[in-house]
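Every number here is computed from the coordinates shown, using simple stated rules; none is lab data. Since the model is a prediction, treat every value here as computed from it, not as a measurement. Every residue, glycine as well, gets a Cβ built from its backbone with ideal geometry; the counts of neighbours run over all protein chains shown.
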Amino acid sequence: MKTAVVIGGGPAGLMAAEVLSGSGIEVHVFDAMPSVGRKFLLAGKGGLNLTHSEGPDAFAGRYGARRAQIESLLRSFGSGQLRGWALGLGVETFVGSSGRVFPRDMKAAPLLRAWLHRLRASGVQFHMRHRWTGWDAAGALAFDAAQGPRVVRADAVVLALGGGSWSRLGSDGAWVPLLQARGVAVAPLQPSNCGFDVGTDQRKGWTELFATRHAGQPFKSVAISFTSSFGETFERKGEFVATQTGVEGSLVYAASALLRDEVARAGSATFYLDLLPDWSAEKVLAEVSHGRGSRSLASHLKSRLGLEGIKSAVLYEVLSKEQMLSASALAAALKALPIRVVAARPLDEAISSAGGVLFEVLNQQLMLEQLPGVFCAGEMLDWDAPTGGYLLTASMASGFAAGQGVARFLGAKGS
């Protein structure tokens with residue numbers, strides 16, 4: 001019987017193991033952590049977003065510059081196949097109001113337990129606390145295990161080592177120099193779906209007063225827009241959160257790839273915050289221009305526009321006194337308040353990472369051209385996607401493809 005090793009016990013690695021075990025191949029999964037699926041479980045804490053229900057064309061468009069490569073993977077294992085796979089584990093799914101797809105019970109743990117039970121029943125063997133350190137001089141896989149160094153030989157290997165975010169859960173990017181030493185081209189890992197530090201020419205972060213009073217508070221029912229120096233645009237309604245030094249949250253994450261790349265090119269990026277997206281600019285100007293008598297400006301904005309709390313405070317944070325007292329300038333700012341970001345938060349804080357093994361050095365089965373028998377899958381590949389089920393779906397689709405690729409490479413049954 002042929003033997004395959006899967007290194008990495010996240011969704012991509014487990015999916016590759018499932019495909020391989022169904023092809024009559026002896027499968028061994030190695031992971032540096034004490035248990036598998038740690039990031040998967042964390043992602044499910046607030047409700048496991050498995051995938052998204054939008055159509056194939058829109059779905060594929062979420063992967064930006066890597067659309068063609070990911071779309072090819074999704075043809076074999078896309079949103080519909082993922083939902084069917086979950087149902088096969090006894091986990092029913094439903095479509096939420098935003099189009100996102102969740103398990104009925106919203107939890108990750110029951111699905112992972114059922115999955116691991118099925119994998120073990122099919123003969124997959126798990127080896128925990130094994131940190132991959134590359135290859136030895138004879139070409140065997142080398143690991144640092146709890147019992148000491150260990151070498152393992154296999155007919156093929158799937159690397160599913162994750163990206164560079166959330167290192168405490170195992171995705172630390174330690175594999176990058178190991179592959180680069182073998183001549184594999186790897187794009188630098190960068191934060192994705194991440195927060196940002198705000199700043200001005202005079203300071204980085206919010207003022208102490210704003211940070212003290214409003215860090216951790218959400219901007220709700222707002223919209224942001226952004227146009228990059230290359231003409232790429234983003235505009236969406238939603239919410240995000242002020243942090244001690246900047247901004248984070250779903251609306252910021254959705255724009256993070258464009259903002260990150262602009263900061264890298266220009267040193268900063270400015271998005272425009274619409275504090276009243278359901279109001280027309282004309283109505284805002286009329287309300288701001290309305291006489292306020294002896295009332296303070298803050299009271300006036302609250303009574304006429306319903307503006308208070310963090311929404312009111314951010315105006316004072318960004319605008320000058322003269323702008324605040326000018327009805328036209330203030331009204332314009334309420335619909336397009338410039339928020340300048342000067343740095344993405346560190347990679348280890350990001351939900352996911354961009355960059356990784358270039359698709360150009362892989363064949364269509366995700367095997368490294370320079371290392372026959374070595375396949376790559378998951379977030380360690382060079383692709384980027386927003387949250388909303390797109391990350392998990394593409395990771396599992398790549399694991400599915402890598403598993404099929406190994407089976408073909410080894411001439412396994414059904415391949």
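By a straight-distance test (C-alpha under 19 Å), which lysines pair with residue 45 as possible cross-link partners, with residues fewer than eight away in the same chain excluded?
By straight Cα distance, residue 45 reaches 107.
Rounded to the nearest 20 Debye, what is the dipole magnitude of segment 196-344 about its Cα centre when Lys and Arg each give +1 and Asp and Glu each give -1 at the C-beta?
Roughly 400 debye, rounded to the nearest 20.
Could you point to the residue in 219, 207, 333 farthest towards the positive end of the chain's charge dipole, with +1 and -1 charges on the Cβ of Lys/Arg and Asp/Glu respectively?
219
With +1 assigned to the C-beta of every Lys and Arg and -1 to the C-beta of every Asp and Glu, and no other charges, what is the dipole magnitude of segment 312-378 about the Cα centre in debye, to the nearest 20?
Charge dipole of segment 312-378: 360 debye, to the nearest 20.
State the answer as a single residue: which of 389, 25, 103 lies farthest towards the positive end of the charge dipole of the chain, with beta carbon charges of +1 for Lys and Arg and -1 for Asp and Glu, about the Cα centre.
Farthest along the dipole direction, towards plus: 103.
Mind telling me which of 21, 79, 296 comes out most flexible in a GNM of the chain, alpha-carbon contacts under 10 Å?
Highest fluctuation among the options: 296.
Could you tell me what % of all Cα pairs in segment 233-280 have separations over 19 Å?
Tail fraction, whole percent: 27.
Taking the Cα centre as origin and putting +1 on Lys and Arg beta-carbons and -1 on Asp and Glu beta-carbons, what dipole magnitude results for the chain, to the nearest 20 debye?
Once rounded to the nearest 20, the dipole reads 840 debye.
Kirkwood hydrodynamic radius of segment 60-190 from all distinct Cα pairs, in Å?
About 18.2 Å for segment 60-190.
Of the beta bridges DSSP finds with both residues in the chain, what % are antiparallel, to the nearest 5?
75 percent
Please give the contour-minus-distance gain from residue 369 to residue 281: 0.36 nm per residue of separation, less the Cα-Cα distance, rounded to one decimal in nm.
26.1 nm
How large is the translational diffusion coefficient of segment 196-344 in µm² per second when you combine the Kirkwood radius over alpha carbon pairs with Stokes-Einstein at 25 °C and 0.890 mPa s?
The estimated diffusion coefficient comes to 156 µm²/s.
Would you mind giving the three semi-axes, in whole Å and largest first, of the ellipsoid equivalent to the chain according to its Cα gyration tensor?
Working through the eigenvalues yields semi-axes of 47, 22, 18 Å.
If I build a Gaussian network model for the chain, linking alpha-carbon pairs within less than 10 angstrom, which residue out of 143, 230, 102 has the largest mean-square fluctuation?
Maximum fluctuation in the GNM of the chain, among the listed residues, is at 230.
Considering the chain as a Gaussian network with a 10 Å cut-off on Cα pairs, which listed residue, 272, 390, 253, attains the greatest mean-square fluctuation?
So, out of 272, 390, 253, the one fluctuating most is 272.
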